[in-house]
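Have a look at the structure below, then the notes.
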C-alpha cells in the first residue's frame, strides 16, 4: 500500500497574506507618523493604530499557519523580515524625531540584522525555534514603541511619569534584546557543533591515537 503523500500548503494563503499586509503597512505607518514632523496628536494616534494593527498581524499569521498547516518556505522567510521591517522602521523613525537615542536604535537593529544573517547561515543545519525570551523581547519592544508613539504628555499630562515609564520599558527592551541575542548565538553554535559532519581519518594519519589499517 502506497502511503499518502504530504500535501504542500499553497503559498497564497491567509497566513502569508497577513505577513504581506504587515509589510505594506510599514510605509503607511511611517507616512502617518511624520505628518507635521511627528507633532500632530491626531496623526500620532493614527500612526499608533497602524503600528498596533501591523503588530497584531504578527501574532495572527503565526497562529494561523501552525493551526491550519499553512507553514510555507515563503512564510518562514517573509515573516521575520516583516517583523524586522516594522520594528526597525519604528526605532529609526523615533530616533529621527529625537525621542529615542540613536545608540539604542543601533543596538536594536544591529542585533536583528546579526541574528537574521545567523539564522540563514544555520538554516541548512536546522531551525532554531523561538525562545520564551525572544517572544518576551518582541512583546516588550512593541509595548515600548507603542508608548513612544502615543502622544501621552499631550493627552494626559504627567510628563515626568510618562518619561519614567517609557524609560523603564525601553531599558527592559534593550536588555532583552542583548540577552536573547547572545542566547541565540549560543544555540546556533551548539546546533552547528551537533550537526557537524564527522572528520574522516586517513590510514596514514600521523596522530598517535588514529586507527591503524590492518
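Nothing in this text is a laboratory measurement; each read-out follows from the coordinates by a stated rule. If you're wondering where the values come from, they're calculated on a predicted model, not measured in any experiment. All Cβ positions, even for glycine, are placed from backbone atoms using ideal geometry, and neighbour counts span all protein chains on display.
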Checklist entry - Tell me, 84, 135 in order of fewest to most beta-carbon neighbours within 10 Å? => result 135, 84
Item to check | Spin-label model distance (nm) - residue 77 vs residue 119, 7 Å beyond Cα toward Cβ | outcome: 1.3
Checklist entry - Expressed in whole Å with the largest first, what are the equivalent ellipsoid semi-axes of segment 14-193 derived from the C-alpha gyration tensor as the square root of 5 times each eigenvalue? => result 30, 20, 13
Checklist entry - When a footprinting reagent is the concern and you count Cβ atoms within 10 Å, what order do 111, 125, 44 take, fewest first? => result 125, 111, 44
Checklist outcome for this item: With a ≥ b ≥ c from the Cα gyration tensor eigenvalues, square-rooted, and the rule rounded for a/c under 1.5, otherwise prolate when a/b > b/c and oblate otherwise, segment 44-121 is oblate
